[in-house]
Each structure stands twice: as structure tokens, then as C-alpha cells.
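Engineer: I'd like to ask some things about the structure below.
The values are calculated or read from the model by the stated rules, or taken from the named source; none is laboratory data. These numbers come from a predicted model, not from an experiment. Using ideal geometry, Cβ is built from the backbone for each residue, glycine included, and neighbour counts are taken over all protein chains shown. Side chains are part of the model used for accessible areas, which takes the heavy atoms of the whole protein and leaves out ligands, DNA and RNA. Shrake-Rupley method; radii C 1.70, N 1.55, O 1.52, S 1.80 Å.
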Amino acid sequence: MKRTYVYVDGFNLYYRTLRKTKFKWLNLEALVRSLLDDENEIVCIRYFTAPVSGKFDPGVPVRQQRYLQALRTLPTVSIHEGNFLTRAKIRPLVHPAPDGPTHVEIWNTEEKGSDVNLATYLIHDAWRDLFDVAVVLSQDTDLNEPVRIVRDEIKKSIGVIILDGKAPGKLSTFGSFVRHITHADLAASQFPDIIPFGQRGKAVERPSEW
């Protein structure tokens, strides 16, 4: 068996794979098992995210917290939170109207910390020899160098999971192997609608919007 650690960029996974689907109630452990070989023993799944804002939709943080509670029922999952910022910014217009404004004020939403945290834990765990195989669920090219270091300098096998069904991007060139997520994988890896947790009859329920 090969000790396997999984690193999930939560926002990258959501926006590239889940946002426009009915598969948001995703069991990460089941998904990863479907993508890997039988010899991969999933020891730890590190999920990197940030508490989202309810500024435009008060239901968003409620749904996120339900999902995080669902993930916490999986013994392999460890959740690492960064920060989510919403602030007004001035941006130039690409095609301003004649004699009109050249700039516009927008709400800018930005997630901070997940990519840095993921890269830090990836290299930290590799140096400590916690895994034989690492798997990264992200297509963020900021991770190119950390993935390369794990493969070439620390001499660990590292896989890159393609999230959006498109041709593999540059990050995949630094991986030891590549896998693709399909709609069939997502459909087969959903949590049950109601998940019991704890010892007092508590349960977390899938959001009706999902």
C-alpha cells in the first residue's frame, strides 16, 4: 500500500468543477478513491478554503458551514481556513463611452491564503515523509514550483487532478501523473442527503438549493 495525502483547493474545485452542477454535496473521500488505484491508502485529505461572505446572499455561509460539517464526518479530512475579503475597488473600463466615465466602482471578492497554505503543507508533509504519494486537486499555476519540488527535489510521486475537463494545463506538467474528474465521478461521490454525526442523534442535511 502507498500512503497517500490529498490536497484540495476548495475554491478552485468549486468554481472549476462544481458551481454549475448539482454535485456540490461532494464526498471528497469517495471522489478521490474513484480516481486513484487500489494500492493508494488515503491517510489524509487536507481541504483548504475560507469562510465566505453573506453580503450578497445570506444563505451562502450557511450552505458552506453545512458542507464543512459534512466533511468533518469523514475521518480522513482536515480543514484549513484562510480569509475571504469583500471590498469596493475602482477599475478602468475597457471601452468607456465618449465623454463618459473611464472607471467604475465594483465589489471585489477575493480569497486569501488557501494556495499558500496548500503549498506550505504539501512541502512540509513531504519533507517529514508522511506520504509516499501526494495528490493535488487544483489547477492554480501558483502551485507549479511546490509540485515540482515535491517531485524533483524530495523525490515523491505527486498527481495532479484536472478539474474542468479541459486539456491539462501547465501545472500538470510538474506532476508524476494526471487524472481527470468526470460528471460520472461526481454523481457517484455524493453524500447522502442526511448525514448523522456525533452521539446525540444530530445530523447535517444537504441544502435544498443544492
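Engineer: With the requirement that a residue be touching a residue at least 40 places away in the same chain (Cβ under 8 Å) and either surrounded by fewer than 16 Cβ atoms within 10 Å (Cβ to Cβ) or assigned to a loop (DSSP other than H, G, I, E, B) (or both), what does the range 1-29 give you?
Structural biologist: Met1, Lys2, Arg3, Thr21, Lys22, Phe23, Lys24, Trp25, Asn27
Engineer: Determine whether Asp185 is touching a helix residue (DSSP H, G or I) at 6+ places or on another chain (Cβ under 7 Å), part of a loop (DSSP other than H, G, I, E, B) and not basic (Lys, Arg).
Structural biologist: It is false that Asp185 is touching a helix residue (DSSP H, G or I) at 6+ places or on another chain (Cβ under 7 Å), part of a loop (DSSP other than H, G, I, E, B) and not basic (Lys, Arg).
Engineer: How many residues, within the range 110-153, are under 20 Å from Arg3 (Cβ atoms), assigned to a loop (DSSP other than H, G, I, E, B) and touching a Gly at 6+ places or on another chain (Cβ under 8 Å)?
Structural biologist: 0
Engineer: Here is a further query. Please list, ordered by first then second residue, the pairs with beta carbon atoms under 6 Å, 6 or more apart or interchain, first in the range 114-143 and more than 20 Å from Val32 (Cα to Cα), second buried (at least 20 other Cβ atoms within 10 Å of the Cβ) and at pLDDT 95 or above.
Structural biologist: Pairs that qualify, where the first residue is more than 20 Å from Val32 (Cα to Cα) and the partner is buried (at least 20 other Cβ atoms within 10 Å of the Cβ) and at pLDDT 95 or above, are Asn117/Phe48; Ile123/Pro146.
Engineer: Quickly run through the range 163-210 and pick out the residues that are among the aromatic types (Phe, Trp, Tyr), within 27 Å of Val62 (Cβ to Cβ) and either in contact with a strand residue (DSSP E or B) (Cβ under 8 Å, 6 or more places away or on another chain) or without any contact (Cβ under 8 Å) to a residue 12 or more places away in the chain (or both).
Structural biologist: Phe191, Phe197
Engineer: Looking only at the range 104-142, count how many residues are surrounded by 20 or more Cβ atoms within 10 Å (Cβ to Cβ), at pLDDT below 90 and hydroxyl-bearing (Ser, Thr, Tyr).
Structural biologist: Qualifying residue count, the range 104-142: 1.
Each row is one residue, and each column tells you yes or no for (1) in a strand (DSSP E or B); (2) open to solvent by less than 30 Å² (accessible area, probe 1.4 Å).
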{"site": "Lys166", "(1), (2)": "no, no"}
{"site": "Ser172", "(1), (2)": "no, yes"}
{"site": "Arg179", "(1), (2)": "yes, no"}
{"site": "Ile195", "(1), (2)": "yes, yes"}
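Engineer: For the range 30-53, which residues satisfy the criterion of being in a strand (DSSP E or B), open to solvent by less than 30 Å² (accessible area, probe 1.4 Å) and over 21 Å from Asp115 (Cβ atoms)?
Structural biologist: Asn40, Ile42
Engineer: Quick test of your reading of the structure: Arg66 fulfils all but one of (1) within 30 Å of Ser157 (Cα to Cα); (2) at pLDDT 90 or above; (3) in contact with a Lys or Arg (Cβ under 9 Å, 6 or more places away or on another chain). Name the failing condition by number.
Structural biologist: Arg66 satisfies all of (1) within 30 Å of Ser157 (Cα to Cα); (2) at pLDDT 90 or above; (3) in contact with a Lys or Arg (Cβ under 9 Å, 6 or more places away or on another chain) except (1).
Engineer: Only one residue in Pro61, Pro96, Pro92 is at pLDDT below 95, closer than 22 Å to Trp210 by Cβ and open to solvent by 30 Å² or more (accessible area, probe 1.4 Å). Which one?
Structural biologist: The match here is Pro61.
Engineer: When you check Arg200 against the structure, is it farther than 19 Å from Lys2 by Cα, of a type outside the set (Asp, Glu), out of contact with any Leu (no Cβ under 8 Å at 6 or more places or on another chain) and open to solvent by 30 Å² or more (accessible area, probe 1.4 Å), yes or no?
Structural biologist: yes
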